[in-house]
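Colleague: Can you read through this structure? Questions will come right after.
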């Protein structure tokens, strides 16, 4: 058994067996071997072995096969196989994502906005993750006699799901619940759709509104990601009209402040003598997702206004005798460090942009079976 003391440097025989180090081994200079250094049995230590560490750019210019190191750019161990560096462990990276579901279609009542959720996930390089973009719900085809508007579709990133916006009700129907709730039709006083359904924390959206009907009043506005829909004012009011949609909510994940998921305005009722039109949508533009005849006129059979695509906006409600409109489709936006990249399955439509030290991906279409896989750039 060899012994390393505190005196003069020791000379070892050609073969050393049973070399035990019970404390730390500190080498002040280089530790080199002119031949092979091998261990035929176990190598054990009660402490730790510190490998070389550095960025991808700091890899050796002429590495030797069998070299190992810790890559601080990818946070993973890697080894050189004689041809290339390969991972000894799969790197994990942080991904920040915005998940907006599809907005609800409208009847008379405004459609609810799609759910608005954010998440920061730790994902493993080389692993597939689910990504889905919900479509906007369809509008009612006959507000006076039907209630066939549909809610928006949900959007997903990994395990985080945003719920589609609830549909707006026909003239005698309540709005549906969803990410944000749909507004109630013109001839119903109660039963607006609930937002944040299913419940999440923080809330992904707000409630739709009632019509406040006395007789043939305007319809309620759909809820938005930033606030509830507004109750319609009755036809006895000088300014009676459909309720405004709930406010949108801002995100700066793309590098610029953008509003998403505004509720659809409630539709006007042309039988209301004092009506000034449908409610305004909850987006940044006051005409977006407005209710039918939201320009202040009383137009019989006025159709609703579609939600804005890839914002999750609820559709504006149509006039009581008209038809509804389609909600705005959702979107999934995520950003990762520029040292990594993302690849997608065939059904995904997306664009990417560099924002500072990150790459931002905007996914505008993805089906239920689509995926994203992360890699090293």
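Colleague: For a quick protection proxy, order the peptides 338-348, 164-174 by their average other-Cβ count within 10 Å, most packed first.
Modeller: Output ranking for 338-348, 164-174: 164-174, 338-348.
Colleague: Between residue 343 and residue 189, how many nm apart are label points set 7 Å from Cα along the C-beta direction?
Modeller: Inter-label distance under the simple model: 6.2 nm.
Colleague: Run the simple label-point estimate for residue 203 and residue 252 please: 7 Å along Cα→C-beta, distance reported in nm.
Modeller: 2.5
Colleague: In nm, what is the difference between 0.36 nm times the number of residues separating residue 355 and residue 89 and their Cα-Cα distance?
Modeller: 92.9 nm
Colleague: Taking 56 Å as R0, compute the FRET efficiency from the Cβ-Cβ separation of residue 299 and residue 55 and round it to 0.05.
Modeller: 0.30
Read-outs throughout are calculated quantities, based only on the coordinates presented, and are distinct from any laboratory measurement. Not measured: the values here are computed from a predicted model. Glycine gets a Cβ as well: all are built from the backbone with ideal geometry, and neighbour counts include every protein chain shown.
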